[in-house]
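Okay, so here's the structure we're looking at.
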Amino acid sequence: MPGHPKRVILAGNSSGGHTAIYASFFPEGEDNLYPDVNAKVSGVVDFYGSVSVMREDSNPTTINHLQADSPEGMEMGHVDLRENSDLRRKLSVECNISKDTDIPPVLIIHGTKDRTVNTIGSTDLYLKLKECGKEASYILIKGADHGGGEFTSPAVLKEQDAFIKHVLA
């Protein structure tokens, strides 16, 4: 499929999945440094994204999860997120989606044995998207960890290709 300057797909893995979804929220033209370049996102592919910090075990390998010196605490200004539920909600994608949120179709791909980012965050995001009437698909890869060859298997690549073709049609 040839490239098209008016169609953009964002994809990211781990924290990049979080970034890709949030970046798709911005209305076309808002804060666009290049007004002549289309910034409207047609679809998002989220690979095992660290999309939520609402659950205590969302990042199970991080001993200091939610604390001021954790990755998520540093992202929010070196704040202990255990004591700041407002900032936890602000950082968690599913807490920022409503029926009124303009969000393109989202494909979420996560491994069932992810030891870095708990699969439940992706599940919560998917359920919130569906609850709000948004177009979303969710692929759980049995036995896959945080990245790895399973995410580029022919079956998964076929699903990604079908999603991209669908949102660019």
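Taking K and R as +1 and D and E as -1, what net charge do the other residues with C-beta under 13 Å from the C-beta of Lys142 add up to? Could the numbers behind the result be given before it?
Values: positive: Lys113; negative: Asp114, Asp145, Glu150.
Once all neighbours under 13 Å are counted, the net charge is -2.
Quick check: pseudo-label points 7 Å beyond the Cα along Cα→Cβ at Phe25 and Ala169, how many nm apart are they?
Here the answer is 3.0 nm between the modelled labels.
Taking 0.36 nm per intervening residue step and subtracting the Cα-Cα distance, what contour gain separates Thr112 from Arg7 on full extension? Please report the intermediate quantities before stating the final value.
Numbers: separation 105, 0.36 × 105 = 37.80 nm, distance 3.14 nm.
Full-extension gain reported as 34.7 nm.
As a check on your grasp of the helix formula, calculate [θ] at 222 nm for the chain: sum -39500 (n - 2.57) over DSSP H runs of n ≥ 4, divide by the residue count, round to the nearest 500.
On the way: 5 runs with 49 residues, N = 169.
Here the helix-only value at 222 nm equals -8500 deg cm²/dmol.
Report, in listed order, any pair from Lys90/Lys165; Lys40/Lys142; Lys99/Lys165 with a Cα-Cα distance greater than 30 Å. Spell out each step's value before the answer.
On the way: Lys90/Lys165 32 Å; Lys40/Lys142 33 Å; Lys99/Lys165 25 Å.
Beyond 30 Å: Lys90/Lys165; Lys40/Lys142.
Just grab the label-to-label distance for Ser85 and Ile120, each label 7 Å out from Cα along the Cβ direction, in nm (one decimal).
1.7
Give me the one-decimal nm value for the distance between modelled label points at Asp57 and Asp69, 7 Å along each residue's Cα-to-Cβ direction.
2.5
Work from the charge dipole of the chain (Cβ charges, +1 for Lys and Arg, -1 for Asp and Glu, about the Cα centre) and give the residue of Tyr138, Val51, Thr62 farthest towards its positive end.
Checked the options; the winner is Tyr138.
Around Ile141, which amide H atoms from residues at least 5 apart in sequence, or from another chain, sit under 5 Å from its own amide H, with H modelled in the peptide plane?
Placed amide hydrogens put His110, Gly111, Thr112 under 5 Å from Ile141.
Within 15 Å, Cβ to Cβ, of Gly111, how many net charges do the neighbouring residues add up to if Lys/Arg are +1 and Asp/Glu are -1?
-2
In nm, what is the difference between 0.36 nm times the number of residues separating Leu140 and Lys158 and their Cα-Cα distance?
On the way: separation 18, 0.36 × 18 = 6.48 nm, distance 1.44 nm.
In short, 5.0 nm is gained.
Run the numbers for Cys132 and Val37: contour at 0.36 nm per residue of separation, minus the present Cα-Cα distance, in nm. Could the numbers behind the result be given before it?
Values: separation 95, 0.36 × 95 = 34.20 nm, distance 2.97 nm.
Full-extension gain reported as 31.2 nm.
How large is the charge dipole for the chain, taken about the Cα centre, if only the Cβ atoms of Lys, Arg (+1) and Asp, Glu (-1) carry charge, to the nearest 20 debye? Display every interim value, and only then the final one.
Values: 17 positive and 24 negative charges, 111 e Å.
It works out to roughly 540 debye.
Values in this text are rule-based calculations from the coordinates and carry no lab data. Note that the structure is a prediction, hence the values are computed from the model and not measured. Methodologically, a virtual Cβ is constructed for each residue, glycine included, from the backbone with ideal geometry; neighbour enumeration extends over all protein chains shown.
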